[in-house]
Structures are given as C-alpha cells and as structure tokens.
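Values quoted throughout were computed directly from the atomic coordinates according to the rules given, and no laboratory measurement underlies them. Everything quoted here is computed from the prediction, not taken from an experiment. Here the Cβ positions follow ideal geometry from the backbone for every residue, glycine too, while neighbour counts run over all protein chains shown.
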Amino acid sequence: MQLIEIIGYSASVLIAISLMMSSIVKLRIINFFGASIFSTYGFIIGAYPVGILNGFITLVDIYYLSEIFFKKENEYFRVLEVKTNSEYLNYFLQYYEHDIKKFIPSFSFMPCESCHVMFVLRNTIPAGLVISEYSDDDSIHVRLDYAIPGYRDFKMGKYVFNEIFKHKKVKNIYSDPGNEKHESYLRKMGFEKRELNGKPIYKLKVNSVG
C-alpha cells in the first residue's frame with residue numbers, strides 16, 4: 001500500500017470516528033483533522049471536488065470551534081427559567097434519569113417553594129439543567145447541575161456559577177457530591193469539599209470563580 005493511500009484511508013477513518021462522538025467539541029476537532037487531511041489527499045491525487053469539499057468542511061469546523069472556544073459564555077448561552085411543575089421539566093428528568101444518576105446517584109427532585117429551576121439553552125436547545133434551593137442568607141444549594149452529553153465540553157458551568165448566580169447576588173453556592181467525575185468537575189469550578197451536619201458537601205464563593 002502506498003503512502004498516499006494510507007493518508008486517504010486515515011482521513012476517512014478520522015471522519016468516521018468523528019461522527020460517532022456524542023460530544024460536539026470532540027466531533028468538530030476530529031472532523032477538522034479528518035477533513036483537512038482528506039482535502040490535502042484530494043488535491044494530491046487530482047480529485048479536486050474531493051479537495052474543495054473537504055476544504056470547505058475544514059473551514060466550517062474552524063468557524064464553529066472558534067465560536068465554542070473564543071465566544072464569551074454570556075454570548076453563547078441563555079437561561080430559561082421554568083416552574084417546578086413544568087411538564088417539559090418532568091419529561092427532561094425522566095428522559096435523562098439514568099444518565100443523571102450516573103453522576104449524582106442521590107439526586108431525586110422534590111418540588112418546593114424555594115426551588116429554582118432553569119434550563120441553559122444553546123440557541124433553542126436545552127443543553128443543561130440547574131435545580132437549586134435558595135436560602136435567606138444569600139446562599140443557594142445546587143441540587144442538580146447537569147449538561148446533556150453533547151455539551152459537556154462547553155463552559156456551561158462557568159457561565160451558570162459566575163454569570164447567573166452572581167447577578168442574582170448569591171454569595172455562597174453549595175453542591176451535593178456525586179461520582180468522581182462530577183466531583184472533579186466541581187473542584188475545577190472552584191468548589192471546596194466541606195462537611196455539613198456530618199455529611200460531605202462542596203462550597204463555592206461566587207466571586208472566586210475564574
């Protein structure tokens with residue numbers, strides 16, 4: 001097998017792998033490399049339509065990746081607040097129940113007067129859901145901070161904790177622990193592990209978010 005054929009097959013494999021990614025960021029990155037290599041391959045063998053088409057796909061990937069990495073969070077996301085008895089909220093929780101339990105096994109939604117529910121939207125897509133309870137001392141307890149699989153590589157957590165709660169004049173945020181991946185995410189957001197009534201909990205001062 002000649003080197004040029006290996007390049008062509010490698011590009012095809014990368015493009016195929018990218019289409020299997022649930023993460024939009026990973027899909028775009030892998031697809032970018034696959035399309036750029038395939039574009040080069042097309043021009044080398046004289047298949048100009050292949051080269052031009054994949055060159056265009058490469059530019060599209062660059063455009064969307066630049067939006068993801070360089071756009072400010074408050075330009076990329078929007079918040080939609082809903083009532084605790086929302087039918088769509090119940091449907092969302094049922095649909096993603098198994099995935100939510102993987103990250104926060106103890107989560108169970110119990111509507112209350114102090115509960116605050118908001119969907120984090122990317123365009124009109126509900127990319128995430130945050131359920132919290134407000135206290136009288138400028139503190140909130142986040143019961144659920146969940147991002148759907150395709151949006152977990154985005155800066156959604158930073159947007160919620162630093163932009164939304166800061167504007168609501170929240171000073172301290174508490175969050176329940178979960179599995180190791182979820183707790184690693186909390187630490188990355190600036191949370192510190194504490195104890196409350198003998199139980200582990202994570203705490204964040206809003207102005208400490210980077």
Notebook entry, point to check: At q = 0.11, 0.12, 0.21 Å⁻¹, what base-10 log of I(q)/I(0) does the Debye formula yield for the stretch 73-208 when every alpha carbon is treated as an equal point scatterer in vacuo?
Noted result: -0.36, -0.43, -1.55
Check: When only Cα pairs under 8 Å and 6 or more residues apart are kept, what is the percent relative contact order across the stretch 73-208?
Finding: 21
Next item on the list: May I ask you to derive the FRET efficiency for Val79 and Phe56 from their Cβ-Cβ distance with R0 = 22 Å, giving the value to the nearest 0.05?
Entry: 0.05
Next item on the list: Using the structure shown, list the pairs from Lys83/Lys171; Lys101/Lys171; Lys155/Lys199; Lys71/Lys155 with a Cα-Cα distance above 19 Å, or answer none.
Entry: Lys83/Lys171; Lys101/Lys171; Lys155/Lys199
Check: Reported to two decimal places, what Rg/Rh ratio describes the stretch 3-70 when computed on Cα atoms with Rh from the Kirkwood expression?
Finding: 1.00
Next item on the list: Using only Cα atoms, locate the centre of the stretch 1-62 and the centre of the stretch 90-104, then give the distance between them in Å, rounded to an integer.
Entry: 35
Check: Can you give the angle from 0 to 90° between the axis of helix 48-70 and the longest principal axis of the chain, with both taken from C-alpha atoms, to the nearest 10?
Finding: 20
Check: Are there GluC sites (Glu not before Pro) in the stretch 49-137 that DSSP marks as loop and that have at most 11 other Cβ atoms within 10 Å, and which are they?
Finding: Glu113
Checklist line | Electrostatic dipole magnitude of the chain [Cβ: Lys, Arg +1; Asp, Glu -1; Cα centre; debye, to 20] | finding: 400
Check: What is the fewest-to-most order of Thr124, Thr40, Thr58 by other Cβ atoms lying within 10 Å of their Cβ?
Finding: Thr124, Thr40, Thr58
